[in-house]
Structures are given as C-alpha cells and as structure tokens.
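See below for the structure under consideration.
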Amino acid sequence: MKTFRRAGAIMALAIIVGCARAPERPAPPAADPGGQRVAQADVELKVESVAREADTLAVTYAVHNRTQKAVLLLDGLWDVGFSGHLTLAPERAYVDLSGGKVVLSRMLLPVPEDLAVEAPEIPAVSRVEPGATANRRAVVPLPLRTALPYPTGPEETRELSTVREVSLRVGYLPDADAVTLSQGKDAQGTPIQTPHYGPAVTAQRVLDSGPLPVTDAK
C-alpha cells in the first residue's frame, strides 16, 4: 500500500511555478548514483574544500561545462518558512546519512515508488553556458541531520567529529534549450525557472564527487 505525503508547502510551489502533479515515475535509466544516469565526462565537478565553518559544514565547488550546449544545474533548493511560503535557498543541500555514509546532494530526487505526493519537490535551475564555470557552495547545519524531501526512514543525527568523508552529488540537464521551463517567483519575489518533473527525472545527469576528506571536523 502506498503511503500518502501531504505537503502544503510543496503544493504552494506547484502553484507558483505551474507544475502539475507528478506523473508515474519512469523506469530508471542506465545508472548510478542514486538511480540516476551518470554524468557526461565533459561536464566536470571540482570540489575545492569541505570544511567546518562555525556551526555549519560548507562544501565549495565548481561545475565546468565543456560541452557545446548550455546546461541547467538543478541546484535551486527551497526553504519553507513558518508561514509555509517557499523561498529559494542558494546554498541549501539535501543530507542523507543512511548506510553509514554522508551524502550531500543538490539535484532532483525522484519520488520513491511506494510514496504518493500531491506535488514533487522540483529544484529551480540555473544556466551554465558552453565553456563557462559555475562556482557554488553547499552549506548544511551542524550537527548533521537527515534532510530529504521524501524521508523513508527515521531521521538520523551525526556529529561532525565522527565524520571522515563526505560525498557531493549535483544534478544537471544536459541540453538547456531542449527543456521546457515554467516561470515564476518565490515568496520573496525572486524570479525562478523550474522544469517539469517527468522529463527532468528522465534527462537528469548526476555529477558525483566520490568520498571527500573533511577538514576541521571537530
């Protein structure tokens, strides 16, 4: 039996950007990591640092587009305020602590097959032109806590002092001009663009840093 996740804030996002309810999840393509297609070698993820900054863990990285087409990073995650309004959070990342690993991700996470939602959580996109580099940071609060759009298990908490390695995953769409985007604004009036769920799940590629050492993990 499917469980049903009611998410008023996510419904608000669907209204803001004009997205409809998620269609049936397509079969996973030839893949990894996280069931997603592995990224092309000519879109490069370079992590510059993984370090503690006060009460946060910050990952500084860059994505370089070596292709002949613009790509769209799926890195515009959301913060939900006390009122339930959605605001773009430029440095937010999902946190997965399952399986003894620490995985930070900025990407479109597919809705689990056994979960029904009123509307999927779809990141806003940012465009990277051919030959250009996008410099980014992912910042998460400490201690580390599970932070996923569709949690399927209990929330976990981990002190940074127990963490030796962290992985970063970044999703992107390889042909920006072939993607249909919905236009909208977040709760603060920031212009946003979001893809439609089904085509984005199918087209998404995932850049995976692999395990990275953590400095100043005290």
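If you go through the stretch 150-185 and pick out every residue that is touching a residue at least 12 places away in the same chain (Cβ under 8 Å), assigned to a loop (DSSP other than H, G, I, E, B) and either on the phi > 0 side of the Ramachandran plot or open to solvent by 10 Å² or more (accessible area, probe 1.4 Å) (or both), you end up with 10.
Going by the conditions given, is residue 161 out of contact with any Phe, Trp or Tyr (no Cβ under 6 Å at 6 or more places or on another chain) and at pLDDT 95 or above? Let's see the steps before the verdict.
Details: out of contact with any Phe, Trp or Tyr (no Cβ under 6 Å at 6 or more places or on another chain): yes; at pLDDT 95 or above: no.
Considered against the rule, which asks whether it is out of contact with any Phe, Trp or Tyr (no Cβ under 6 Å at 6 or more places or on another chain) and at pLDDT 95 or above, residue 161 comes out as no.
Only strands (runs of 3 or more DSSP E) whose full extent lies in the stretch 43-115 are considered here, and the ones with at least 3 residues that are among the polar types (S, T, N, Q) are 56-65.
Restricting 103, 71, 128, 140 to those that are within 21 Å of residue 213 (Cα to Cα), hydrophobic (A, V, I, L, M, F, W, C) and open to solvent by less than 10 Å² (accessible area, probe 1.4 Å) reduces the list to 140. Annotation note: Cβ proximity below 6 Å between a residue of the stretch 108-133 that is farther than 23 Å from residue 191 by Cα and a residue that is open to solvent by less than 10 Å² (accessible area, probe 1.4 Å) and in a loop (DSSP other than H, G, I, E, B) (sequence gap 6+ or interchain) occurs for 111/120.
Restricting the stretch 186-202 to residues that are part of a loop (DSSP other than H, G, I, E, B) and either without any contact (Cβ under 8 Å) to a residue 60 or more places away in the chain or not β-branched (Val, Ile, Thr) (or both) leaves a set whose member that is most open to solvent (accessible area, probe 1.4 Å) is 188.
The values are calculated or read from the model by the stated rules, or taken from the named source; none is laboratory data. Not measured: the values here are computed from a predicted model. Here the Cβ is made from the backbone with ideal geometry for all residues, glycine too, and neighbour counts use every protein chain on show. All accessible areas refer to the heavy atoms of the entire protein, side chains included, with ligands and DNA or RNA removed. Shrake-Rupley method; radii C 1.70, N 1.55, O 1.52, S 1.80 Å.
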